[in-house]
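FYI, it's all coordinate maths here, none of it is from the lab. For clarity, every value in this text was computed on a predicted model and none was experimentally measured. Cβ coordinates were reconstructed from backbone atoms using ideal geometry, including for glycine residues, and neighbour counts include every protein chain displayed.
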Amino acid sequence: MAKYKKVKIEPLTEIEKLNLKKGSEKHYDATDLPAEKQKELLSKLMDIARQSEGAIVAKPVSGKQYVAATVRTTKQKGKTFAFPEPNPIHAYYKIAIQHLEQAETFQTQFHDAVNGHPEQEYETFCNFFEEIVQGIVFLLMTVEGFINQLPNEDQVYQINGNERTKSDIEWMNVTDKLRLALPALTGNNIFVTNKPMYDHLQLLNDLRNDLIHLKKLELANFTYYQGLFKRLLDFPSGDIANAVFDFINIINPNFLVEENQP
């Protein structure tokens, strides 16, 4: 089986790195209060923060203070949730790896079941298909989401002779983001400097597109998706997952941190 990198899901915004000009700052320590009183006090504070434009709530994770989202959902109308925002890109990559690992397990079971009992053969392939598709989709979400985080809101970029805003870049397809937007945003053109990595990312993108925009191709043997299934069984998931990890950390060093690292 392939050796996958397991990453930490880290909070998105460390408050000290914002260099904020603070109008006021308040610290509360409710550790001496009974648990129910602590929850009551914090609930009131979160309600105040949610209703106060410009108020920033910070909460600690691993000894550092991170900006917290304050959210009141329709399902829990009486509660305001406040939690450090996790970086979705970290989560996407972690989810992808979980599904790719499970896909490998089911693919092994499928290989063992080939030419055995037809129902077992069919069920193990379906299990593999469910997992590999999710792994591929979340890997591509990792790449595209990461690129979408790069441009600044208030900046205009010269891309392929045209002025492009953050919103314009977000609407580009993945190939154009890699070939055109990335060099303008980072100065790094992996198509030129690391073509094997680019080819891995493009293979991922092509396969993801064919899964999302499913096209029926009737062959002489009356199958429709035989070619697609072959590509999934041949998909080099370990190589592609590592290419995504390396790509992101080349553009932004230590953006993805493995779980066994401090």
Query - Residue order, fewest to most surrounding Cβ atoms within 10 angstrom, among ILE147, ILE136 - result: ILE147, ILE136
Query raised in the report: What is the calculated FRET efficiency for THR105 to LEU228, with r their C-beta to C-beta distance and R₀ = 30 Å, to the nearest 0.05?
Result: 0.90
**Report entry** Note, ³J(HN,Hα) from phi for region 237-244, Karplus 6.51, -1.76, 1.60, rounded to Hz, x at Gly and Pro
**Finding:** 4, x, 5, 5, 4, 5, 5, 5
Query raised in the report: With labels modelled as points extended 7 Å from the Cα through the Cβ direction, what inter-label distance (nm, one decimal) is found for ASP168 paired with LEU33?
Result: 5.1
Query raised in the report: Given a Förster radius of 51 Å and the C-beta distance between ASN152 and GLU123 as r, what FRET efficiency does 1/(1 + (r/R0)^6) yield to the nearest 0.05?
Result: 0.55
Report task. Would you mind calculating the gained length between ALA220 and GLN65 on full extension (0.36 nm times residue separation, minus the Cα-Cα distance), in nm to one decimal? Result -> 49.6 nm
Query - Efficiency of FRET from Cβ geometry, GLU14 and GLN202, R₀ 41 Å, rounded to 0.05 - result: 0.75
Query raised in the report: Among ASN189, GLN109, GLY238, whose Cα sits farthest toward the positive end of the charge dipole of the chain (+1 at Cβ of Lys/Arg, -1 at Cβ of Asp/Glu, about the Cα centre)?
Result: ASN189
Requested in this report: Treat every Asp and Glu Cβ in region 88-251 as -1 and every Lys and Arg Cβ as +1, leave all other atoms uncharged, and give the resulting dipole magnitude about the Cα centre to the nearest 20 debye.
Outcome: 460
Query raised in the report: For the chain, what's the relative contact order in percent, using C-alpha pairs closer than 8 Å and at least 6 residues apart?
Result: 19
Query raised in the report: Taking the inverse of the average 1/r across all pairs of different Cα atoms in region 88-251, what Kirkwood radius in Å do you get?
Result: 17.3
